[in-house]
1. Would you list the strands (runs of 3 or more DSSP E) that sit entirely within the stretch 34-150 and hold 2 or more residues that are open to solvent by 60 Å² or more (accessible area, probe 1.4 Å) and at pLDDT 85 or above?
2. Give me the pairs: first residue in the stretch 246-269 and part of a loop (DSSP other than H, G, I, E, B), second residue among the hydroxyl-bearing types (Ser, Thr, Tyr), beta-carbon distance under 6 Å, and six or more apart or on different chains, which are they?
3. Kindly check whether there is at least one residue in the stretch 157-176 that is among the acidic types (Asp, Glu), in a strand (DSSP E or B) and open to solvent by 40 Å² or more (accessible area, probe 1.4 Å).
4. In this structure, does Glu287 turn out to be assigned to a strand (DSSP E or B) and within 30 Å of Val180 (Cα to Cα)?
5. Looking at the stretch 177-211 only, could you name the residues that are within 16 Å of Asp264 (Cβ to Cβ), open to solvent by 20 Å² or more (accessible area, probe 1.4 Å) and in contact with a Ser or Thr (Cβ under 9 Å, 6 or more places away or on another chain)?
Amino acid sequence: MKAPNLSFISLLTVCLGVVSHCTFGSVGDSEEEKLVILQNLIFFNNNQTIAVGTNLRGYDDQADDNLNQFSLTSAGNPYNITIQTNTYIHWETGTYRINPPNQVLGVSTSSSEKSATAVAKTHTPFTVPLDLPADDLYGKSYPFLATSIVSNVTQYNSTMETGASFLYPNTRTANLPLGVVAIANVSWEEIYIQMTVTRAPNTKTVTILLPQGNKQITPKCKIPIKNGRSGNIEILVSLSALFQDRTVSGTPIRFLDQLPIGTDPVVISKVSNVNLYNILQQNLQAEDITFSFPGCFPGVER
């Protein structure tokens, strides 16, 4: 759709300020006439989409260039971990849901979002996707991740604030409506990890097979989709965080400390070492542990 000569906000200001000079039907001075104007302007604005780049970025939060090597402490004991090159993730899908930019200007004009009196509904908070038909711009899911098997996921090919990172090559540009990111969803067919774990003086080989799953990722601040946006939307993936100790409701959850003593190699799957398998599944689903959006700071837009 061709971009308008005036910005949406400017056009809205003019139209609401001088109703008789900007109409979409019969001229009148009632509140209903103003509402019709507003809804038509919103419909016009809501039917714009822009191309936004996306990144899926792996990191280990160790401030060095070795993504495949990191150190963790579990139950007070140090562990050194090396991820092997035959590790891979078989991604299935990745999608975004987008909400209108705010509660007033971004109201959808679809039939499901209007009451019997034609007063448009608002939504809050921005991280709750609107309940709209699948053909509505704010009811659709927008793909950003192509199905593929990505191997050698700890190979350094980029940098971020904490040092080396791995940009997954299967992300792509998404055509998104103007607004804010409500939620992201990633799914995988399989996650296969092979690594060595050393707690001096012993080293063991650990093989992990995690079957099909998915994770919803919620922003912690507004991630704007707007004309002139600079920078890609990013989702972070941390394999090192997958193995770190956590505390839930006062109870410690420790993966490394529970690796079986005297066993080498160790195979973890839904039929082998099920207690460890369950911990990894919990860590995959925990908020902002393995999957997260970058953190937000006051005055900084992501």
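The values are calculated or read from the model by the stated rules, or taken from the named source; none is laboratory data. This structure is a prediction, so every number in the text was calculated from the model and none was measured. A quick note on method: Cβ atoms are made from the backbone with ideal geometry, for glycine too, and the neighbour counts reach across all protein chains shown. To get the accessible areas, we keep the full protein, side chains included, count just its heavy atoms, and leave off ligands, DNA and RNA. Shrake-Rupley method; radii C 1.70, N 1.55, O 1.52, S 1.80 Å.
1. Values: elements: 49-52, 54-58, 69-74, 77-83, 88-99, 142-145.
Passing ranges, in order: 49-52, 69-74, 77-83.
2. Close Cβ pairs satisfying both conditions: Arg254/Ser74; Pro265/Thr205.
3. No, the stretch 157-176 contains no residue that is among the acidic types (Asp, Glu), in a strand (DSSP E or B) and open to solvent by 40 Å² or more (accessible area, probe 1.4 Å).
4. no
5. Within the stretch 177-211, the first condition is being within 16 Å of Asp264 (Cβ to Cβ), and the residues that meet it are 194-208.
When the remaining residues are screened for being open to solvent by 20 Å² or more (accessible area, probe 1.4 Å), the result is 194, 196, 198-205, 207.
Scanning the stretch 177-211 gives Gln194, Thr196, Thr198, Arg199, Thr203, Lys204, Thr205, Thr207.
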